[in-house]
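Single-structure report; data block below.
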Amino acid sequence: KSKQTDLKEIVKLTSLRAIRCPDPYIIHRLINTTHLRYLDLSESKIVRLPNSICMLYNLQSLRLNNCVKLRFLPEGMQALRQLTHIYLLLCTSLERMPPKLSLLNNLCTLTSFIVDTGYGFGIEELKDLKQLGNRLELFNLRKVKSGSKVNLHEKKNLTELLLCWGRHADHNPLHDEVISNNQEVLESLVPHTKLRTLGLHGYGGLAISQW
């Protein structure tokens, strides 16, 4: 049998609970896997996840680690109310988050969040996700609006925190047009006292927060 034929037979199994496959072809064949709980597409070469992913209403864990070509996530992901884990480590081409992630009340893991402007894309989407734990990477903090709240101090399950003022860790703050609120933003990102690891990249403020 060809590889493509094997994949077609796999996705016919409507009772499947878990799939781990880096081949991007399988992503477009997940229409009938409504009972799927665990989907691991790590190291896939996919550029954009199809909107059909948002019909996997029972999905609990989505792993996309090291999908270095992935640029976009489906904008309807807020419909996946059962999601508890979203892994996006080393998704270096990802341009933005889907809107209104604050609706995913069960989220315990969201490894990366890219701040953007516009309704539903700001850092305040994380404010009420108190269960977030383990590692959290925040990118594009230069786009955080003054007065925005994220309540990191309430997320007591976080052990690692990476704060990046640009989209990537090597961002140079000298290239920013406006850096006037850098210190204010850093002050608002105070984590809980049991945090184990803190990384700070591309910060353009003149002073480090007292916390």
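Which FRET efficiency, nearest 0.05, do N151 and A18 yield, Cβ-Cβ r, R0 22 Å?
So, using R0 = 22 Å, E works out to roughly 0.10.
What does the charge dipole of region 105-211 about its Cα centre add up to, to the nearest 20 debye, if the Cβ of each Lys and Arg holds +1 and the Cβ of each Asp and Glu holds -1?
360 debye
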*Pairs K45/K156; K149/K194; K69/K143; K45/K100; K45/K155: which are spaced more than 31 Å apart, C-alpha to C-alpha?*
K45/K156; K45/K155
*Could you give the nm distance between label points at T92 and T117, where each point is 7 Å from its Cα heading toward the beta carbon?*
2.8 nm
*Treating the beta-carbon of each Lys and Arg as +1 and of each Asp and Glu as -1, no other charges, what is the dipole magnitude of the chain about its Cα centre, to the nearest 20 debye?*
820 debye
*Mean Cβ count within 10 Å, highest first, over the residues of peptides 185-196, 70-81*: 70-81, 185-196
*Compute the projected area of the convex hull of the Cα atoms of the chain, averaged over all viewing directions, and report it in nm² to one decimal place.*
11.7 nm²
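Within 13 Å, Cβ to Cβ, of E137, how many net charges do the neighbouring residues add up to if Lys/Arg are +1 and Asp/Glu are -1?
With Lys, Arg at +1 and Asp, Glu at -1, the neighbours total +1.
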*Under a Cβ-Cβ cut-off of 14 Å, what is the net charge of the residues other than L200 that fall near it, where Lys and Arg count +1 and Asp and Glu count -1?*
-3
*Near M97, within a Cβ-to-Cβ distance under 11 Å, what is the net charge of the other residues, with Lys and Arg +1 and Asp and Glu -1?*
-2
*Inter-label distance for A79 and H35, nm, one decimal - labels placed 7 Å from Cα along Cα-to-Cβ*: 2.2 nm
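Only the coordinates and a few stated rules stand behind these numbers; no lab work does. These figures come from a predicted structure and were not determined experimentally. Here the Cβ is made from the backbone with ideal geometry for all residues, glycine too, and neighbour counts use every protein chain on show.
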